[in-house]
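Reviewing the structure listed below.
The values are calculated or read from the model by the stated rules, or taken from the named source; none is laboratory data. Here the structure is a predicted model, which means the values were calculated and not measured. Note that each Cβ is placed from the backbone with ideal geometry, even for glycine, and that neighbours are counted across all protein chains shown.
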Amino acid sequence: MTSDRTLNNGALVLFSGGQDSAVCLAWALSRYDRVETVGFDYGQRHIVEMGARLRVRAGFEALFPDWAARLGEDHVLDLRGFGAVAESALTADRAIEMTDRGLPSTFVPGRNLVFLTYAAALADRRGLGALIGGMCETDYSGYPDCRRDTIDAMQQALNLGMEQTFTIETPLMRLTKAETWGLAKALGGEALVELIVEESHTCYRGERGERHPWGHGCGHCPACELRAAGWSAWTAAGRPETAP
Ligand code: ZN
């Protein structure tokens with residue numbers, strides 16, 4: 001049996017409201033006719049992430065008219081059942097540290113596999129041919145579901161299991177965090193950089209906190225440290241653009 005859903009030149013962006021997914025949204029809007037976003041409520045400790053999603057989307061609509069015309073619906077899927085199974089530092093009140101498996105305690109087992117499965121089911125219903133995620137193996141080699149090998153296997157499994165022709169695009173896969181800032185500048189200029197600094201949310205602790213040069217956050221958790229280090233490296237290099 002073949003799926004009755006024909007896919008178009010549209011994309012569904014896995015959009016958390018963080019720096020990486022905001023850059024992915026810009027990348028998608030620069031090359032697809034229609035772009036929708038999906039977020040996952042998996043029992044995050046911090047509702048702040050959901051607020052950031054809406055503010056970043058609103059910023060895109062206000063600042064970039066060409067992109068606003070292509071930006072379609074936002075979807076939020078309830079994955080709290082998964083969050084309950086996969087409980088870890090992101091979803092429960094545990095310390096952020098390395099576990100005896102050599103993985104950070106922020107690792108939620110299989111999270112991206114679940115996200116991609118739900119995203120693909122939604123994309124099938126919406127007729128969107130591309131799934132776009134900010135997975136990156138440069139800075140997070142400890143996250144096995146961020147590796148391109150995992151994504152390739154997932155793409156094959158989804159296409160076999162759904163009789164579809166999805167592509168899973170991971171534009172940040174080989175970029176450093178500094179290069180991700182450069183990609184934002186290449187796609188949307190300093191206006192996009194400023195929007196991401198001001199409104200995107202990365203901090204694991206969910207703190208808006210003080211306004212650092214790289215944005216808001218506690219400044220001490222691994223996510224804040226990574227974002228701050230990337231920003232410092234990028235500004236020290238003269239804020240170069242990264243070719244999409
Ligand atoms: Zn933080």
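Considering region 194-244, the residues that are closer than 22 Å to residue 26 by Cβ and among the aromatic types (Phe, Trp, Tyr) include one that is nearest to the ligand (Cβ to nearest atom), namely 214. Just one of the numbered conditions (1) over 27 Å from residue 209 (Cα atoms); (2) surrounded by fewer than 21 Cβ atoms within 10 Å (Cβ to Cβ) is not true of residue 51: (1).
Table: residues versus (1) part of a helix (DSSP H, G or I); (2) not polar (S, T, N, Q).
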site: 150; (1), (2): yes, no
site: 158; (1), (2): yes, yes
site: 164; (1), (2): no, no
site: 171; (1), (2): no, yes
site: 174; (1), (2): no, yes
site: 191; (1), (2): yes, yes
site: 195; (1), (2): yes, yes
site: 198; (1), (2): yes, yes
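Using the structure shown, decide if residue 188 is farther than 22 Å from residue 131 by Cα, buried (at least 16 other Cβ atoms within 10 Å of the Cβ) and more than 10 Å from the ligand (Cβ to nearest atom). So residue 188 does not fit the description; no. Of the residues that make up region 111-127, is at least one within 29 Å of residue 229 (Cα to Cα), surrounded by fewer than 20 Cβ atoms within 10 Å (Cβ to Cβ) and at pLDDT 90 or above? Yes: one or more hits. Listed by first and then second residue, the pairs linking a residue in region 217-238 that is touching a residue at least 12 places away in the same chain (Cβ under 8 Å) to a residue that is part of a helix (DSSP H, G or I) and within 6 Å of the ligand (Cβ to nearest atom), with Cβ atoms under 7 Å apart and 6 or more places separating them unless they lie on different chains, are 217/224; 218/224.
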